[in-house]
1. Can you find even one residue in region 217-228 that is open to solvent by less than 10 Å² (accessible area, probe 1.4 Å) and within 15 Å of the ligand (Cβ to nearest atom)?
2. Can D170 be described as away from the ligand (no atom under 16 Å from the Cβ) and closer than 28 Å to A21 by Cβ?
3. Would you check which residues across region 31-47 are assigned to a loop (DSSP other than H, G, I, E, B) and either of a type in the set (V, I, T) or open to solvent by 60 Å² or more (accessible area, probe 1.4 Å) (or both) and list them?
4. Any residue that is modelled with pLDDT of 95 or more, more than 19 Å from S89 (Cβ to Cβ), of a type in the set (V, I, T) and within 16 Å of the ligand (Cβ to nearest atom) - is there at least one of those in region 182-192?
5. With the structure loaded, tell me whether T61 is more than 24 Å from A172 (Cβ to Cβ), of a type in the set (V, I, T) and open to solvent by 50 Å² or more (accessible area, probe 1.4 Å) or whether it fails that test.
6. So G242 fits all but one of (1) open to solvent by 10 Å² or more (accessible area, probe 1.4 Å); (2) in contact with a helix residue (DSSP H, G or I) (Cβ under 6 Å, 6 or more places away or on another chain); (3) of a type outside the set (A, V, I, L, M, F, W, C); (4) within 16 Å of the ligand (Cβ to nearest atom); what number is the exception?
7. Suppose the filter is open to solvent by 40 Å² or more (accessible area, probe 1.4 Å), under 18 Å from the mean Cα position of the chain (by Cα) and not small (G, A, S); does P73 pass it?
8. What's the total number of residues in region 76-96 that are open to solvent by less than 20 Å² (accessible area, probe 1.4 Å) and outside any loop (DSSP other than H, G, I, E, B)?
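The values are calculated or read from the model by the stated rules, or taken from the named source; none is laboratory data. Fair warning: this is a prediction, and the values are worked out from it, not measured in the lab. A quick note on method: Cβ atoms are made from the backbone with ideal geometry, for glycine too, and the neighbour counts reach across all protein chains shown. For accessibility, only protein heavy atoms count, side chains too; no ligands or nucleic acids. Shrake-Rupley method; radii C 1.70, N 1.55, O 1.52, S 1.80 Å.
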Amino acid sequence: MDDGTAVESSDLAPAVASILADARERSVSGERVSVRPRSLPDRLDAVGNDRVPVIAEVKPTSPTTDGTRTDDPVALAQRMVSGGAAALSVLTEPDHFGGSTETLARIRSAVDVPVLRKDFIVREAQLDAVEADVVLLIARFVDNLPKLLAAARDRGFQVLVEVHTESELDRAIDAGARIIGINNRDLARLEVALETFERLSPSVPDSVTLIAESGITTPADAARMRRAGADGLLIGSAIMDGDVETNTQRLTTRA
Ligand SMILES: O=C(O)c1ccccc1NCC(=O)[C@H](O)[C@H](O)COP(=O)(O)O
């Protein structure tokens, strides 16, 4: 443990406590992966001059979504890229988000943009479940962040370290995170507030690629996060709700 901040399940919304318990139990078998990643920071920089750099998320369902989207996730991903997504995020958590590692592998073969594996990774073996360009580590859920960050980088992954509070941000910076996501969704209550990003972003060093996560619904929200310093925006629900290509176009078009 790096600083003794292991999360207590009682601090979390019941759905999130259940997600975390399942993640801790999930068995993984497979060889150690070795990834040649597509650069997420370079890709966000490259598109940022022309359009809003959006990481569009393939998110079939979630604890805060009604129903499940059952259409082909590969087709959805391709339409997101056609709509202007700079990169993709793919949920691989099966029980609460309808994701799978197989889906991520199929999507990554079908597109040429960086693909983030969105899951609740809490131990090293889980890194070997599937290749991706970027993996997510949620600071709140990882006991020894420097160790898991190093294990991910040893495999070639870029790492997006997600934070929601000042102390989690300090842990991410101390661990040497180069890509940090500030999650506007509070996993204790599942409430979303874009002010979270605005409050924490000034403390992030310029050298870090900074992602605004969750609750971005409109082009005005996107512009607000960019003004507050976001290098990229992670958007799920607002893209998955309806025609994903049209939604992505709307959110990637600069005002
Ligand atoms: O989205 C949820 O309902 C959720 C519930 C519990 C834990 C995590 C959850 N979401 C994970 C995410 O990080 C989001 O999918 C991602 O940031 C996109 O958010 P949004 O644009 O608000 O769908």
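1. yes
2. Answer is yes for this residue.
3. Matches in region 31-47: E31, R32, V33, S34, V35, R36, R38.
4. no
5. For T61, the condition - more than 24 Å from A172 (Cβ to Cβ), of a type in the set (V, I, T) and open to solvent by 50 Å² or more (accessible area, probe 1.4 Å) - is not met.
6. Of (1) open to solvent by 10 Å² or more (accessible area, probe 1.4 Å); (2) in contact with a helix residue (DSSP H, G or I) (Cβ under 6 Å, 6 or more places away or on another chain); (3) of a type outside the set (A, V, I, L, M, F, W, C); (4) within 16 Å of the ligand (Cβ to nearest atom), only one is false for G242: (2).
7. No; evaluated as a whole, the condition is false for this residue.
8. Adding up the residues that qualify gives 8.
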